[in-house]
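For reference, the structure discussed in these notes is given below.
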Amino acid sequence: MRTKRGEGLSARTVQYHHAVLRRSLQDAERNGLVPRNVAKLVTPPTVSRPEIRPWTPQEGRAFLAAAKGHRLETAFAIAMATGVRQGELLGLRWSDIDWGRSALSVSKSLQRYHGQYHLEETKTRRSVRTIPLPERLLDDIREHQRVQVAERVFAGNSWRGDEWGLVFATLRGNH
């Protein structure tokens, strides 16, 4: 494990290597191929997670000012105002916006696996939630919707966004 770390592998990758070796030796021990599982005697490296330092209000405002006019400006504003995960934001559908209650419902998440995108349930049951939105953000979402309608008209027959009805889609309506 020390050699692998010295070769530049991360602590997490070395943990995976150790887990595979430990499991293989466990099977070999059970089948009588080795007298004991020596991988159990080794302590894999610990993974230290970097401390997350959220932006200050000033940094957040500077980011939003820099994003002004960007096609996904509203996505950035929703992310900053609500704290939704990236997959939840990209999986947000127009039906999730409750205009009457000034809120958005988080129940799905856009995930990519096996080379394809999937609209899945959120990470945990507790992740399903309704988040109130300030009127200013609702105005931004309405403007984004107007822009998306124009993009849809411009795309014509190449628009592919009807299946999921995503709030934040490509210029052709895809995820």
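Give the separation of the Cα centroids, region 1-80 to region 105-175, in Å.
Spelled out, the Cα-based centre of one part sits 29 Å from the other.
So what's the chain giving for Rg/Rh, alpha carbon basis, Kirkwood Rh from the mean inverse pair distance?
Rg/Rh for the chain comes to 1.17.
Between Arg101 and Thr56, what FRET efficiency follows from the Cβ-Cβ distance if R0 is 41 Å, with the result rounded to 0.05? Write down the numbers at each step before the final one.
Numbers: r = 31 Å, r/R0 = 0.75.
Here the calculated transfer efficiency is 0.85.
Report the one residue of Ser107, Thr124, Ala66 whose Cα lies farthest in the direction of the positive end of the charge dipole of the chain (charges on C-beta: Lys and Arg +1, Asp and Glu -1; origin at the Cα centre).
Final value for the positive-end residue is Thr124.
Quick check: at a probe of 1.4 Å, how many percent of the accessible area of region 120-175 sits on carbon and sulfur atoms?
Roughly 51 percent, rounded to a whole number.
Scale the Cα Rg of region 114-166 by the rule-of-thumb value 2.2 N^0.38 Å and send over the ratio, two decimals.
In units of the globular-protein estimate, region 114-166 measures up at 1.53.
Identify all aspartates and glutamates with a Cα-Cα distance to Lys68 below 14 Å; exclude those on the same chain that are fewer than 8 residues away in sequence.
Output for Lys68: Asp140, Glu143.
The values are calculated or read from the model by the stated rules, or taken from the named source; none is laboratory data. The shown structure was predicted, so the numbers you read here are calculated from the model rather than taken from an experiment. Heads up, the Cβs are rebuilt from the backbone with ideal geometry, glycines too, and the neighbour counts pull from every protein chain shown. Accessible surface areas use protein heavy atoms only, side chains included; no ligands, DNA or RNA. Shrake-Rupley method; radii C 1.70, N 1.55, O 1.52, S 1.80 Å.
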